[in-house]
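Heads up: the structure comes next, in structure tokens.
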Amino acid sequence: MKYIMILIMCFPALLLLYGASGDFNNGSIVIEFPNSLNPTVEDGVVITGYAAVDSLNAELGAVDFEYYDLSWTTKLRYILVLYFDESRLVDVENEAGSYIQATAGLGTRVEHFMNPEVNSVPGEYLYSDTIYHPEDTLWPMYNDMDDKRNWRIFARLQEQDVHGNWSTNYDACDPWEEYYNLTNQVEVNEFNRPFPYKWAYHGHASLWHHLADYNNTYRAWDYTEGENTLAICLDGQGFWTQHPDLVDRWLPGYPQDSNHHYVPSDQTPATYPSWWSGKYHGTNCAGALAASKENLPESELTSHSSVGVAPQTMLLGRGHTSILDCLAYLHLHPELSPAVISRSHTQEWSDITFDGCEELISMGVTIVNSRGYVQNYQSFASKYGRLLEGYICVGDYNPDWKIRTKYDVDILNSNEDLYKADINAPGWDIWVPGIHHTYESGFTQIGYGLSMGTNTSIAAPQVAGVVCLVKSLYPWMSPPQVERQIKMGAHNLDELIAANTTFLPNTPPSFFGAGCLNAYSSLFLHGTFERNFVFSNEANNTALLGRGFTLSNSSMTVANGTLRIEKDANILFNSSVLILGDNVTVQFEKGAKLDLCPNSSLVLGNNVTFRTENNDTCLGLVKFGNNTQSITFNNTIFINVPIEINNTETAYNGCTFTRSSLLHNNEPLSINYCDFEFSGLQAIQTVPDPDDLCWIGNTEVSNSTLAGIQITGYSKVNIQNNNIHHNFSGIELYECSGGVVTDNEVSYNGNGILLYHSNADITGHNNITYNYSSSGHGDNRGGYGIDARHLTSWNLIGQDTYPIQIIHDNQREQILMQSNSIPSSMYFNKVYSSNHDKPYLRMWDDYIGSSRMINISNNNWSSDFIPTRDLSPESAFTYLPMWEPGIPLQVLEDEAFLLFEEAMSAANNMDYVVAEQKLKQIIAEYPETKVCVDASKQLLILVEKYNQNYEALELYYTTYPTLRNDPILIKMADYLANFCKMKSGDYPEAIQFFEDLILNPPSLPDSLFAVIDAGYAYLLMTQNSDKSSYVGDLKWLKPTSVSAYLNSRNALINNRLLVATQHSQETPDFPEAIRISNYPNPFNPNTTINFYLPEPDNVVLEVFNIKGQRVKTLINDYKEAGSHSFVWNGTDQTGRIVSSGVYFYRLSTGTRSIVKKMLLMK
């Protein structure tokens, strides 16, 4: 079994900033030879066999060595480390040059290392009760009657200021005086201490390991405690292996290299300083205990508890050990395969050491190194961290988010990389040995004691512990991937930077690296992977995906359990497959999003659940398809997870949606036997396809804050046998050319059914009833049974026997319609209301003319029907004969209507040529009838099914005489002609038409409809045209996304549009912009070009031919704000008459240019 081990290894001569073990404190010389050596020590001098080197060794006192055969590595060969007699005080920095000369021509590398002094303390000092006078002992009580005996110990904690003066650390003492007061007396001895003996004990009132603002360790332990992983800690002074918290943490069977030290019984720090100062790096020891676990459940922790990071970690502590020694040792013991080496030393820069680090990383070992605090001096840990992926430089922070640094800020500003950390971990207010300690007057100073430590040395092993957690969960990860996990899992960077501005305001944000250590988040997969993942029976039965995760050209299978997505993470699958097995749960943390990009696919088993925890909100599941793959959801549950599926055929069977809206964009959609609660569904087609079907059946939709069912742009819609209730609105169809609404219960919604520029049949036995603005989520502008508007073609045809189609007792009108959206056929329906405040049927805008009677015969109006009260305007309707269920249809003799029925029958039989002939016959022979309006609208629907010759139909609408002689027909035909422009892809010109309506609106509804239609035109243009970058004068009309368009349209429909039905002649207040148009168009020979300027400007008005050649400049002058016009007589710049054809006119100002088209016909 492998173990997680924090490797605590000393760097005596080779690399450290905190000093070497042994007596060699003045540094070392390192020489790399290209060939093997056999060095020895003879007569106290190191002998190598190279005379020049050996001569220097004798001269300078090279009395000991370490030798490493590293020829098995890719970059290193044979390394000799020379140690010098301490009494000779060799200046290794200068003498390195002598060794370079001595080895000239041998192909060697020569480097030196200095060993700075460091405060250190033996760990057993904390527990000894034999070497001092009893009254001076740390543990026994001073006086049984002294109720503040414990506080007196803490009160003597000293700290040294920047001037070298020692004083009492009152910040450390005050909390403990309060804690250890008269009401909380304790007997102090080796087993019952005034504070826990954990060196990693946190003295601050906040626990830094398990709170959300710190390491999140307890949440990480739900998934791993570091099982089956090994880590090694390096320490410059060694470890006391019998420390009570470490005694059972050492890896059995491996030597601890003289770590078990005791103070000689006859010596004190004052009498034996050289021995004392070289034993144990106390702050590193404290940090190393981050690998140990307090045996307490989280609920029992207090501010006087200490908590580890990787409690299953075993320690391999080795004194007198370097990076090179690590390489050699691990080469001899490949079975160890450590996950991490943790170093709480700073080291000088060395190419040899750099190569050694690279070799360790290539062996799969992540290196964690403390940043250190060398004032005004390069932190080489920062440099190694910048240059090596898999080498992590660790800084620290305190609970106030103030970085504890000791460098000169001006120096930092000249080179911000001097102290830059990759990650920061808690290194503040932790009880550690190593700080100066004195007794009160009358007692003898005895050396070092406890204090509230502040060190990156404490922080680094905590990061190493998290590395172990990561490697335990993902043993296949390389060190660079592990470093990425640690850094991308960090948190609180913004808070760290913001709080630091009051402490070191000039520190650049990059100094703080990725932010603060987060053990829990580090376990989520971060970054880009090209790897096939299979998750089955994972730790805690959960797979974890985190911030920045992208899977490319691969697959991920979650066979069972849970796939958890981290808070605020945006998970990307790029050309990859996500496979979810039966009963898998996808758990979204707050703000999370799962995004399957184009060419990615989703495969689901049965009974998959998508949900959040604690009713949090998330951004949900988003799928962008490639039109070739489909998705089927069977018995899938969605809870608080919105779904957006794009360009992918999708089926939902037996699914449940709770507070989970559904948005489907393009491709067929099937929803069968589903349940939507506090959820609605929207389907929109922005890439028109006449064969795509949107089918919704046997489904219940309730309590949606928007429409229960909202469909846009589909050519085939079938909404059948659904129960739609208590929604803001029941069913809404926009821009749908073939909708069938059959046998639904549509009740208790804010509105029943809304039809907007659609072709729909409401048939069978729909029950559209009790739709009240106060019954669902509607407001006081709702309450309609059916609302048809904006050039909608529709039929309202029920069954002639029970169950019959009923529209009754809705709050306002049972049927509300615009004059251009009157039903083509309406019969076999029962329409009534017990509330006669509103008519049953109302046409809310100008009546289309007395000759265009509306046939609503063969319907049942209840026994108290009064036409003058219940029809508005009553004169517009033919309502006799009335109908009773079971009575056959009584057809009125109407030649135009019979011709229309023949046309529709031919269209249903796909005899489109005959259908087109009959519709045009109606327009030619019966222009004064309502059927002419129906035929005009049906022509556009027919052409979509028939030959898509929209340009010919546009020309028909704009030129056919009977459509150009009546103002009402002209208005309708112009709008239909503009829809032809949209259908044929001439989106810019269609958008300009809508802009003209918005800026020069005949009525408020016209302008609001134009806003909605312009937004839809932009969506179609983005998806279907190379003109997608086009933006008209009114830039705000262009939606940023499908969702943005739907939200904007819903706001207009729900909050403004219904009001417009009562104020149809009001003009909206829209931003002004440049406008230009010409009339007549087509023309011969003259046309007037009108334009409007919102502000004064220089204006150029020009005419171009179809080849782009300038024909004539009409205006090149300064113009005031307001309306202007110019008549072009069809001549060029020389006065010659131009030929027939298409011409373009361009208006240019100082800020923009507008081009429009005109047709000269002779």
Original post:
Which Cα, out of ASN653, LEU754, SER601, lies furthest along the positive dipole direction of the stretch 519-878 (beta carbon charges, K/R +1, D/E -1)?
Top reply: SER601
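Label the stretch 1075-1160 by shape, choosing from rounded, prolate and oblate, from the square roots a ≥ b ≥ c of the eigenvalues of the Cα gyration tensor; if a/c is under 1.5 it is rounded, and otherwise prolate applies when a/b is larger than b/c, oblate when it is not.
Working: a/c = 1.91, a/b = 1.67, b/c = 1.15.
Here the stretch 1075-1160 falls in the prolate category.
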**OP:** Report the trypsin sites (Lys or Arg not before Pro) located in the stretch 55-111 that are in a DSSP loop and have at most 16 other Cβ atoms inside 10 Å of their Cβ, or state none.
**Re:** LYS75
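Could you give the length gained on full extension between SER554 and ASP974, defined as 0.36 nm per residue of separation minus the Cα-Cα distance, in nm? Numbers along the way, then the final one.
Values: separation 420, 0.36 × 420 = 151.20 nm, distance 5.21 nm.
Stretched fully, the SER554-ASP974 segment lengthens by 146.0 nm.
Tell me the net charge near GLU93. Cut-off is 14 Å between Cβ atoms, GLU93 excluded, with +1 for each Lys or Arg and -1 for each Asp or Glu.
Net local charge, GLU93 excluded: -4.
Taking a ≥ b ≥ c as the square roots of the eigenvalues of the Cα gyration tensor of the stretch 693-744, is the shape rounded (a/c under 1.5), prolate (a/b larger than b/c) or oblate?
On the way: a/c = 2.57, a/b = 1.39, b/c = 1.85.
Oblate.
Could you tell me the relative contact order of the stretch 895-1060? Use alpha-carbon pairs under 8 Å, at least six residues apart, and round to a whole percent. Each step should come with its number before you reach the end.
On the way: 160 pairs, mean separation 22.3, N = 166.
Here the relative contact order equals 13 percent.
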Subject >> Net charge of Cβ neighbours under 12 Å - reference GLU735; Lys, Arg +1; Asp, Glu -1 >> reply: -1
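Percent of alpha carbon pairs in the stretch 873-1013 separated by more than 27 Å? Don't skip to the end; give the middle numbers.
Values: 3079 of 9870 pairs.
Pairs farther apart than 27 Å: 31 percent.
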**OP:** Can you tell me how much longer the chain between ASN626 and MET910 gets when fully stretched, taken as 0.36 nm per residue apart minus their C-alpha distance, in nm with one decimal?
**Re:** 99.2 nm
Subject >> SER1025 paired with GLU925, simple spin-label distance in nm, labels 7 Å along Cα-to-beta-carbon >> reply: 3.9
Original post:
Given labels modelled 7 Å from the Cα in the Cβ direction, how far is it in nm from GLN799 to SER36?
Top reply: 9.7
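So if I average 1/r over every pair of distinct C-alpha atoms in the stretch 519-878 and take the inverse, what Kirkwood radius in Å does that give?
Details: mean 1/r = 0.0461 Å⁻¹.
For the stretch 519-878, inverting the mean 1/r across all distinct Cα pairs yields 21.7 Å.
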Original post:
Out of residues 5 or more away from THR73 or on other chains, whose amide H comes under 5 Å of its own, with H placed 1.01 Å from N in the peptide plane?
Top reply: none
**OP:** Starting with the fewest neighbours, write out ARG531, ARG1075, ARG371, ARG842 ranked by other beta-carbon atoms found within 10 Å of each beta-carbon.
**Re:** ARG531, ARG842, ARG1075, ARG371
**OP:** Check each of the GluC sites (Glu not before Pro) in the stretch 854-909 and keep only those in coil by DSSP with at most 14 other C-beta atoms within 10 angstrom; list them in order.
**Re:** GLU893
Original post:
Of LYS830/LYS930; LYS1027/LYS1162; LYS716/LYS918; LYS983/LYS1038, which sit over 29 Å apart, Cα to Cα?
Top reply: LYS1027/LYS1162
**OP:** Please say if the stretch 665-751 is rounded, prolate or oblate, where rounded means a/c under 1.5 for a ≥ b ≥ c the square roots of the C-alpha gyration tensor eigenvalues, and otherwise the choice is prolate for a/b larger than b/c and oblate otherwise?
**Re:** prolate
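With an 8 Å cut-off on Cα pairs and a minimum separation of 6 or more residues, tell me the relative contact order of the stretch 519-878 in percent.
Details: 1245 pairs, mean separation 24.7, N = 360.
Relative contact order for the stretch 519-878 comes out at 7 percent.
Hey, with R₀ at 45 Å, roughly what FRET efficiency would VAL1100 and SER362 work out to, going by the Cβ-Cβ distance, to 0.05?
Values: r = 68 Å, r/R0 = 1.51.
The computed FRET efficiency comes out at 0.10.
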Subject >> Positive minus negative residues near MET114 (Lys, Arg vs Asp, Glu; Cβ under 10 Å) >> reply: -3
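By how many nm would the segment from SER834 to ASN228 grow when fully extended, if each residue of separation counts as 0.36 nm and the alpha-carbon distance is taken off?
Details: separation 606, 0.36 × 606 = 218.16 nm, distance 7.62 nm.
Length gained between SER834 and ASN228: 210.5 nm.
None of the figures in this text is laboratory data; all of them are computed from the coordinates on show. In this text the structure is predicted, and so the values were computed from the model without any measurement. We place every Cβ from the backbone using ideal geometry, glycine too, and count neighbours over all the protein chains shown.
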